Structures are given as C-alpha cells and as structure tokens.
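In what follows, a structure is listed as structure tokens, so that the remarks can point back to it.
The values are calculated or read from the model by the stated rules, or taken from the named source; none is laboratory data. Given the structure is predicted, the values throughout are model-derived calculations rather than measurements. Methodologically, a virtual Cβ is constructed for each residue, glycine included, from the backbone with ideal geometry; neighbour enumeration extends over all protein chains shown. Surface areas here come from the heavy atoms of the whole protein model, side chains and all, with no ligands, DNA or RNA. Shrake-Rupley method; radii C 1.70, N 1.55, O 1.52, S 1.80 Å.
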Amino acid sequence: MPVDRVRKSNSRLDGLIPYDPKSLAVDVFLSANENPYDVPAGVKAEMFERLAKLSFNRYPDPLADGLRGLIAEKEGLEKSNVLVGNGGDEQLFNIFLAYGGPGRVFLNIPPTFSVYAANARLTGADVVEVKRFDDFTIDEDAVCERVARGDIDLVIVGSPNNPTADLADAAFVERLLDCSDALVMVDEAYIEFSGRTLRRLIGKHENLVLLRTFSKAFSLAGARIGYILASPSVISEFCKVRQPYSIDAIAQTVACTVLEHRGEFQQVIDGIVERRALLQGELSSIDGVEVFPSDANFLLIRLPHAHEVWETMLEKSSVLVRDFSSGDYTRNCLRVTVGTGEENGRLLEALRSAMDEVGR
Ligand SMILES: *Cc1c(COP(=O)(O)O)cnc(C)c1O
C-alpha cells in the first residue's frame, strides 16, 4: 500500500507562525518602513547598464567581495570586518545558527522585532526577556545585571528599535559589551535616519556586531542586501553557517551602484527626517493619540480602539499601517511609516476620520 501522508516536522516548529508582513494592495502603503521613493532614475539607468554585462551562467562571488570592499571603505574598516548577506534577515538567521541553538540563551528586550525571538525558538535557543518600561525605554540596569550573571550567549538591541523607534544609549551599549563576553548585536537597520551609529565601537569590543541594511534608507527592499560589521573572529563564525551564494550577482551589482551614488540619497533621507517631525507634530495634536519619540523613518502611536481604527483606515480610506495592537507589550499601538508629503496627509485624514467613526 502506498503511504499518503507525511511525518511530523521538527517539534521546534510547533506553534510557530510563518512571518506575515500583511502586504495588502492599498492606495497608501505605510506599513513596511520602506523608503517612499525608488532609486533615482540616473542611478537605476547605470544599474541596468552594469546588469547587461553580467554573465548569468556564472555563480556570483560568494562573499560579494567588491561590495564588501566598498562597504569597508565607507565605514573606515577592513574587509575582514564586513560580511554581506541576503538582506539583514539572513544575518538575523545566521546569528542564531552560529550563536543560538540548543542549550544556548538569547536575551531579548521586548517589544522589539519579532524575528529575533522567532529565530531563537527555531534554532532551539532559550529566550530570556527583560521587558522595556511602559514608556518603551530600556531597563538598562536590569539588562546589564541579567547579562552579568554570565549565562547569556547573545543579546540583540534595536537602535533605532522596531517598533518603538528609539535609539539605544551608547553608554548603555558599552556597559553591556563590558559586563560579559556575550555577543551583542546592535540592529542599526534604521541608523541613517538618526545619524548616530555605534561604528566607532567596532575594533574596541570583540563582542559587538552591527546590523545594517540597504532596504530602508537606500530604497533597495526589493533587492535583499544587508550586512554586518564586526570583529574578524565573529565574521568568521558567521561564514561557517552562511549559504555560500546567498547574495546573487544581480543584488551585488545593484548594491555596488547604489553605494557608489550614496550621496544622492542624502536629500531623500533628510526629507524623511523633516517630514517625521511634521508628522509627529500633527499626530500629537489629535485628541487621544500618544506619539513616541522617533529616530527612525516610522512613528509608534498609541490610541484608544487601535485595532478598530486600523481596520477602518484600511477599509474606508485604503491606508495601511502596521497593527501592533494585539502584541503583549504594544496594546493599542500602531506603527506608521513616514511617507511622502501626500501620503502623510492622507494618513492623517484617514486616522482622524477613523477615530471620529470608531469613537475615543
Ligand atoms: C527592516 C529590518 C531589518 C532588515 O531587513 P532586510 O530587508 O532583511 O534587510 C532588520 N532589522 C529590523 C529591525 C528591521 O526593521
């Protein structure tokens, strides 16, 4: 008799829910923290010229050496301090393959990016939580005390943190780096909107990893390129677990072109930072809306009946923001990406009328 069934998957997958970014087709999409503007036309034209010369039959450079060199130069570091990946997401996977796993302990500081804890569970690592205060600032003493006990293998600090939008204090991160030999990743996916990187600490602390991406400030969410900056000893551990050809030749070419023209993105980044301040002011002026300070390209807000408001904005105005209202630590919170001036206007209009409809 042929068997028409499949055996159960790894029990670590029990209860895991696939990551769902809820990307619905809408008029105003402010839910994924993307750059509202595509790559400038001139830069795109140069990409296409370079792509036309690619040999598609050949495997790509496994370590994206050209791109790695450009990143090292931009950061004033050595190539041995840089490792490129298939989006920041690949590096968030690799870090748990290399430093997580069974019998290992990850310290999480929620509310934060859900991928961290999901990858910890997937690799069988234990998760210890030191939750943020009610205003979403980090309980720095509690984190350092817990890590100083010595059994924590890995810590990730978002800076600016997603979804709370705040930068981590540099003195706190240094204290954390000094209080044990745990690997500390500072996720700087949004750093270009704050201008305050911890790059200067690379070389001073062997246990520091910075995570960066081209997906946000550099308009390349569609191309999947991220990288880490770390000590050579940590980079070589990541090299052991990474997939050899994770960054395809197209993405390497695209990212090199963007990096060579990175100056052209500065105006767009400055514009987003300016509109963040405007949007912050407008949102705060709405009765019932609490806005948290932001160093990123998004704002976290708290309001009554957030889920109903989210749904109404989507259905009545075709405006999509991210709903965090069912999260354990983010009750009644929504996260809104800073868009173009027009998109922000539509967001405000949709939010006001949804709140009028749902009630405060
Ligand atoms: C967007 C993001 C990343 C990286 O995303 P990729 O598109 O995979 O490069 C990493 N961390 C956080 C917190 C993010 O929001």
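Here are some notes:
- Shape class for segment 214-360: prolate, because the ratio a/c of the largest to smallest gyration tensor axis (alpha-carbon atoms, square roots of eigenvalues) is 1.5 or more and a/b beats b/c.
- Entries in Lys79/Lys204; Lys216/Lys316; Lys22/Lys316 that, when Cα-Cα distance is taken, lie over 21 Å: Lys216/Lys316
- Here is how the number arises for the chain: DSSP H runs of 4 or more residues each give -39500 (n - 2.57), the sum is divided by the residue count, and the result at 222 nm is -11500 deg cm²/dmol.
- Per-pair calculated FRET efficiency, R0 = 45 Å: Arg360 and Ala171 via Cβ, rounded to 0.05: 0.70
- Relative contact order of the chain, defined on C-alpha pairs under 8 angstrom at six or more residues apart (%): 21 percent
- Accessible surface, the chain, averaged per residue in Å² (probe 1.4 Å): 46 Å²
- Cα centroid separation, segment 135-177 to segment 260-302 (Å): 24 Å
- Charged neighbours of Val43, selected by a Cβ distance under 13 Å, balance to -2 (K, R count +1; D, E count -1).
- Whichever lysines have a C-alpha closer than 23 Å to that of Lys53, once near sequence neighbours (fewer than 8 apart) are set aside: Lys44
- Compactness of the chain, taken as the C-alpha radius of gyration over 2.2 N^0.38 Å, stands at 1.02.
- Share of carbon and sulfur in the accessible heavy-atom surface of the chain [1.4 Å probe, %]: 50 percent
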